[in-house]
Every structure is written in structure tokens, then in C-alpha cells.
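Shown next, in C-alpha cells, is the structure this report addresses.
The values are calculated or read from the model by the stated rules, or taken from the named source; none is laboratory data. Just so it is clear, the structure is predicted and the values come from calculations on it, not from any experiment. With ideal geometry, Cβ positions are generated from the backbone for all residues, glycine too; neighbour counts draw on all protein chains shown. Accessible surface areas use protein heavy atoms only, side chains included; no ligands, DNA or RNA. Shrake-Rupley method; radii C 1.70, N 1.55, O 1.52, S 1.80 Å.
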Amino acid sequence: LARAAWTSANAPEAARLAGREGPGEALAAALLARMGPGAEGAVVRLGPEGCALALRGGGAVRVAGFPVAALDVNGAGDAHLGVFAAGLIRGLSPEGAARRANAAAAIAVTRPGPATAPRAAETDAMLARHGFRPDGTPAR
């Protein structure tokens, strides 16, 4: 954690790393506090509830998930982390990247097996159905 710019963990992992239990926002803030001075933020994945995001110099927020009928949660965290990191690299805001990652993870859990990350167009369509642009910002 000392050298990471970002960290992403599910809630049980985050609780172990932070040395405490609590809601997602508190866990994300606790993870960020344990990271080095160059850290930008921490993400705690909360399953169907979405994720919590803590930013250096800012507070912690909840980014809502997308309702789906889950079939298999294998690979959801991998899809989330990959899409979140790709969003940051593309220049999305952390909140936009988190929303996009939540959409991708929601799609991933509707498919059997671990290699279920959606294509960008599928994620764009999920976001659009819920009133968001591809960058995760509200369309309205």
C-alpha cells in the first residue's frame, strides 16, 4: 500500500487491510489513510451496492451499482478493477471510472464463469439505459 497510487479491494479484503470493520466509505477512507503520500485514492467494491471511493484531499462517496439478476459473481472484481483502471488511464474522473466499472461488473455477474468482462459497447449501453454517458457522468 505504501507505493500504490490506487488500491481496490472488496469489503472483506478492505476490512482486513484497514484493520477495522465499517461501511464502505469508512473502509475506503481507512485504506487511503494507510497508503503512502503519493496515493490518489482507494476503492472498496460492495457487490450489488456498487462501490465506495475515497480520494486524497476529498471525502469518501458511494457510487451506486446497477440492478441485475446475478448468475455468477466469479470475475466481477476483475472486471471492476480492469474497467476502473482503464477509465482512469483514459482520463475519466475517479467517480466516472467507478460508475463505469460498476456497470461492467453488473454485466459480468449475469454470465457464467470467470472470464465475463463486457466489451466497451456493452458497458456504454448499460450506462445509457441508466441515464449516464460513457464517461460515467449523468446524461441529463
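Side notes on the structure shown:
- P(r) tail for segment 15-95: Cα pairs beyond 23 Å make up 21% of the total.
- Amide H contacts of R56 (H built 1.01 Å from N, in plane; Pro and chain starts excluded): G41 sit under 5 Å, all sequence-distant by 5 or more or on other chains.
- For segment 62-75, the Karplus equation 6.51 cos²θ - 1.76 cosθ + 1.60, evaluated at θ = phi - 60°, returns couplings of 9, 10, 4, x, 10, x, 8, 8, 6, 9, 7, 7, 4, x Hz by residue, with Gly and Pro reported as x.
- Orientation-averaged projected area, Cα convex hull of the chain (nm²): 8.0 nm²
- Solvent-accessible area per residue, Å², over segment 49-140 with all protein chains present [probe radius 1.4 Å]: 50 Å²
- Using a simple spin-label model with pseudo-atoms 7 Å out from Cα toward Cβ, A4 and A121 lie 3.4 nm apart.
- Backbone phi angles across segment 37-52, fed through the Karplus curve with coefficients 6.51, -1.76 and 1.60 (θ = phi - 60°), yield HN-Hα couplings of x, x, 5, 9, x, 9, 10, 10, 7, 10, x, x, 6, x, 8, 10 Hz in residue order; Gly and Pro are listed as x.
- Between G24, G82, G47, the GNM of the chain built on Cα springs shorter than 10 angstrom shows G82 fluctuating the most.
- Couplings 3J(HN,Hα) for segment 88-96, derived from phi with the Karplus relation 6.51 cos²θ - 1.76 cosθ + 1.60 (θ = phi - 60°), are 4, 4, 6, x, 5, 5, x, 5, x Hz, where x marks Gly and Pro.
- Expected 222 nm ellipticity per residue - DSSP helices of 4 or more, -39500 (n - 2.57), all of the chain, to 500: -12500 deg cm²/dmol
- Principal axis extents of the C-alpha atoms in segment 1-55 (largest first, rounded to whole Å): 30, 19, 13.
- If both residues of a DSSP beta bridge must be in the chain, then about 70% of such bridges are antiparallel.
- Whole-angstrom gap from segment 66-140 to segment 1-62, using each part's C-alpha centre: 19 Å
- Solvent-accessible area, 1.4 Å probe, carbon plus sulfur percent, for the chain: 57 percent
- Proximity of backbone amide H atoms, modeled 1.01 Å from N, is registered between S8 and V43 at under 5 Å, excluding neighbours fewer than 5 places apart on the same chain.
- Modelled label positions at L71 and A139, each set 7 Å beyond Cα in the direction of Cβ, lie 2.4 nm from each other.
- Averaging the sequence gap over all C-alpha pairs within less than 8 Å and six or more residues apart, then dividing by the number of residues, gives the chain a relative contact order of 18 percent.
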